[in-house]
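**Q** Got a structure for you, written out below as structure tokens; questions coming shortly.
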Amino acid sequence: MTRREFLTAAAASAAMLSRMSSAFAASYDLLIKGGRVVDPASGINAVRDVAISGGRVAAVGADIAADSATETIDAVGKLVVPGLIDIHTHAARAKETPSLCLADGVTCFVDAGSMGADKIDEIIANARSAPNKGRVLINVSRVGVSPEGELMDMNRADVALARAAIARNSDMIIGVKARLSFNVAGAGDLEALKRAQEVAGDLPVMIHVGQTVSPMPKILALLKRGDIVTHMYAPEPNSILDGNGKVLPEVRAARKRGIWFDVGNGRIGHLWWDVAERAIKQGFLPDTISTDWTVDGRSNQVFDFPNCLSKFLMFGMSLPQVIARGTSNAAKVFQPFRDRGTLKLGAPADVAILELREGSFEFVDNYRNTRVGKQRLFPSATVIDGKRVPPRSA
């Protein structure tokens with residue numbers, strides 16, 4: 001061996017040893033560095049680094065050494081928040097759609113009543129195969145969501161059939177959905193809700209409200225602790241506001257006894273700026289913010305979860321308040337998500353990295369009313385169970 005060959009081989013060996021040494025020295029699998037961590041569950045709202053090991057949050061602190069991790073994500077100038085939890089979507093209607101939501105930062109989702117007992121197995125199969133953590137609400141109507149109104153024929157609300165479906169899939173079905181609007185249930189809205197409660201037992205019932213035949217107080221009287229009212233900012237008739245624009249006392253009382261109130265953005269008849277503004281000004285903020293996501297909503301009004309969250313920055317909610325509605329608050333609603341929605345040490349390492357942009361952004365409600373906000377959140381990157389997700393497509 002010549003002297004040059006010897007030196008070349010020695011240099012290559014030294015480089016290999018250096019790489020091996022660094023790998024052995026790495027304390028963490030992944031380090032998210034330099035972002036503004038907003039974790040309402042932990043009370044953190046500051047620039048911090050987040051270190052991940054073995055699929056769990058291993059450290060949150062200032063200036064964690066970059067060489068202590070095998071991989072690093074530069075989050076300088078961005079927000080680092082717990083993985084988003086969307087408790088009202090229809091993402092499992094197609095096998096490929098949960099991954100779209102995951103790239104938007106949604107690490108946990110609930111398909112809220114897309115299907116009833118007749119075809120629930122299709123939705124469950126899609127939720128099981130999803131790269132994010134998906135669960136399902138069974139529609140009280142055996143046919144699921146139907147354009148002509150799935151509860152116009154009350155025979156479709158087959159209690160025995162729905163309960164049998166839950167028994168077969170108790171690990172995936174975490175509640176019951178009942179759509180109660182006049183064009184879905186007609187005058188049978190209260191009967192539909194009674195049957196949903198019979199199906200659910202101790203499981204939560206999510207009710208879709210907005211333009212119901214029955215008044216809100218009668219509907220709320222049939223709810224139990226842990227149930228969810230979605231589309232909370234839908235307009236009259238029979239909204240959460242009385243005829244003078246005041247939040248009904250029965251609505252406030254329902255919250256006090258443990259009923260959750262959820263946004264459910266959607267596209268048709270669910271969100272009206274005037275109702276949201278009046279309620280928020282009276283201190284009736286949402287418990288949770290959700291998208292009511294569908295494929296059509298991806299290009300109209302909803303777009304993605306960060307966009308829906310941004311609408312409530314426009315109404316004066318603080319950034320930690322808004323993030324809580326899509327993380328720590330949402331984690332409390334359904335039992336399978338209660339270890340999520342936080343970056344506390346030891347928690348599953350689900351993380352959404354977002355950009356908060358300043359400017360002039362138009363937001364549209366379900367009635368084509370436009371308002372302009374000064375801030376909007378955009379998805380940047382997602383980590384689930386400690387692994388980085390490929391970036392979203394345009």
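Throughout, read-outs are computed from the coordinates displayed, never taken from laboratory work. None of these values were measured; they are calculated from a predicted model. Cβ placement follows ideal geometry from the backbone for every residue including glycine, while neighbour counts extend to all protein chains displayed.
**Q** I'd like to know if segment 199-215 contains one or more residues that are surrounded by fewer than 18 Cβ atoms within 10 Å (Cβ to Cβ) and among the acidic types (Asp, Glu).
**A** yes
**Q** Look through Val159, Val143, Val184 and report the one residue that is under 24 Å from Asp86 (Cα atoms) and either touching a residue at least 40 places away in the same chain (Cβ under 8 Å) or surrounded by fewer than 23 Cβ atoms within 10 Å (Cβ to Cβ) (or both).
**A** None of the other options fit; the residue is Val143.
**Q** Now, a different point. Can you spot a residue in segment 109-118 that is buried (at least 24 other Cβ atoms within 10 Å of the Cβ), part of a helix (DSSP H, G or I) and either of a type in the set (S, T, N, Q) or at negative phi (or both)?
**A** Looking for residues that are buried (at least 24 other Cβ atoms within 10 Å of the Cβ), part of a helix (DSSP H, G or I) and either of a type in the set (S, T, N, Q) or at negative phi (or both), one finds none in segment 109-118, hence no.
Quick grid of which residues meet (1) buried (at least 20 other Cβ atoms within 10 Å of the Cβ); (2) touching a Leu at 6+ places or on another chain (Cβ under 8 Å):
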site: Arg267; (1), (2): no, no
site: Leu271; (1), (2): yes, no
site: Ile280; (1), (2): no, no
site: Asp292; (1), (2): yes, no
site: Asp296; (1), (2): no, no
site: Val302; (1), (2): yes, no
site: Leu309; (1), (2): yes, yes
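**Q** Something else: Name the residues in segment 317-368 that are in a strand (DSSP E or B) and over 25 Å from Gly54 (Cα atoms), would you?
**A** Glu355, Leu356, Arg357, Glu358, Gly359, Ser360, Phe361, Glu362, Phe363, Val364
**Q** So which residues in segment 216-240 are buried (at least 18 other Cβ atoms within 10 Å of the Cβ), under 19 Å from Glu198 (Cα atoms) and in contact with a Pro (Cβ under 9 Å, 6 or more places away or on another chain)?
**A** Gly226, Asp227, Ile228
**Q** Assuming Arg388 fulfils every condition listed in (1) among the charged types (D, E, K, R); (2) in contact with a Ser or Thr (Cβ under 9 Å, 6 or more places away or on another chain); (3) buried (at least 23 other Cβ atoms within 10 Å of the Cβ) apart from one, which condition is it?
**A** For Arg388, the failing item is (3).
**Q** Right, something else. (1) farther than 21 Å from Asp227 by Cβ; (2) assigned to a helix (DSSP H, G or I): which one isn't true of Glu148, the others all being true?
**A** (2)
**Q** Any residue that is within 28 Å of Asp287 (Cα to Cα), small (Gly, Ala, Ser), in a helix (DSSP H, G or I) and in contact with a Gly (Cβ under 8 Å, 6 or more places away or on another chain) - is there at least one of those in segment 172-192?
**A** yes
**Q** Which residues, taken from segment 39-69, are farther than 12 Å from Leu345 by Cβ, aliphatic (A, V, I, L, M) and assigned to a strand (DSSP E or B)?
**A** Ala46, Val47, Ala69 - these are the residues of segment 39-69 that are farther than 12 Å from Leu345 by Cβ, aliphatic (A, V, I, L, M) and assigned to a strand (DSSP E or B).
**Q** Right, something else. Pairs under 6 Å by beta carbon, first residue touching a residue at least 60 places away in the same chain (Cβ under 8 Å) in segment 304-332, partner part of a helix (DSSP H, G or I) and of a type in the set (A, V, I, L, M, F, W, C), six or more apart or different chains?
**A** Final answer for the pair search is Leu309/Val322; Leu313/Val322; Gly326/Leu309; Ala331/Phe337.
**Q** Cβ-Cβ under 8 Å, sequence separation 6+ or interchain: first residue in segment 220-236 and on the phi > 0 side of the Ramachandran plot, partner part of a strand (DSSP E or B). Which pairs?
**A** Filtered contacts from segment 220-236: Gly226/Trp260; His231/His208; His231/Asp262.
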